[in-house]
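One structure is given below, encoded as structure tokens.
Every number here is computed from the coordinates shown, using simple stated rules; none is lab data. If you're wondering where the values come from, they're calculated on a predicted model, not measured in any experiment. Note that we place each Cβ from the backbone using ideal geometry, even for glycine, and neighbour counts take in every protein chain shown.
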Amino acid sequence: MADMFREIIFKLRDLGAFNFLFPYLLTSAIFYGLLRKSEIFGKPEKNVAVNGVIALVSALMVWAFPVLRGVDIETQMSAFFMQGMIMILVFMVGLMLTSMLLPEDLPTRLKDTFLKESGPVGAVVIASLIIGAVIFLTSGLVGLFITPEMLAKIPTDIFLILGVVIILVVPLVWIMSGGTKPTQSGQNNK
């Protein structure tokens with residue numbers, strides 16, 4: 001049975017499905033969803049054709065780049081989605097284990113905590129961005145945008161300065177966003 005799926009995957013690879021077709025379909029679906037959500041061209045029900053055409057053409061323009069440049073992206077994209085799926089599975093198993101040890105109705109408590117307080121939401125967004133960046137770097141996709149020739153032209157001092165700035169700015173932003181707000185009760189006591 002596994003040999004049958006292996007043959008199907010190899011046939012799809014030979015047809016270019018992993019190098020162009022599937023990334024194109026995914027990108028066009030994402031663009032279409034973003035256009036419907038943002039309602040840039042009006043109500044989505046009235047502009048289905050406009051949103052569809054713009055999504056399809058935009059996705060074609062995006063995925064023309066690797067084809068025109070002659071870059072094979074199927075290995076990097078497969079690694080990216082596989083690593084992303086592993087991170088999601090680890091997170092889901094962590095939540096399942098946590099839900100066994102914590103009190104009942106954990107989803108409602110988490111929803112109340114994350115929607116009413118701004119602190120945890122910011123931490124989750126920052127953690128998600130860091131995890132996404134790590135997956136992007138380790139999957140090899142960064143090599144499609146930054147070639148070794150480009151890196152050789154950049155002085156190493158730039159990377160050191162960039163690292164120091166990030167190390168200094170991130171804690172400052174974290175501290176500034178976590179400040180306490182003045183209470184209203186002190187103003188009413190006159």
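Quick notes
- With Cα atoms, 0 to 90° folded angle of helix 2-15 axis to the chain main axis: 80
- Dipole in debye (nearest 20) - the chain, about Cα centre, beta carbon charges: Lys, Arg +1; Asp, Glu -1: 620
- Using the Stokes-Einstein relation with a Kirkwood hydrodynamic radius computed over Cα pairs, the translational diffusion coefficient of the chain at 10 °C and a viscosity of 1.306 mPa s comes to 73 µm²/s.
- Qualifying GluC sites (Glu not before Pro) for the stretch 22-113 [loop in DSSP, other Cβ within 10 Å: at most 16]: Glu39, Glu45, Glu104
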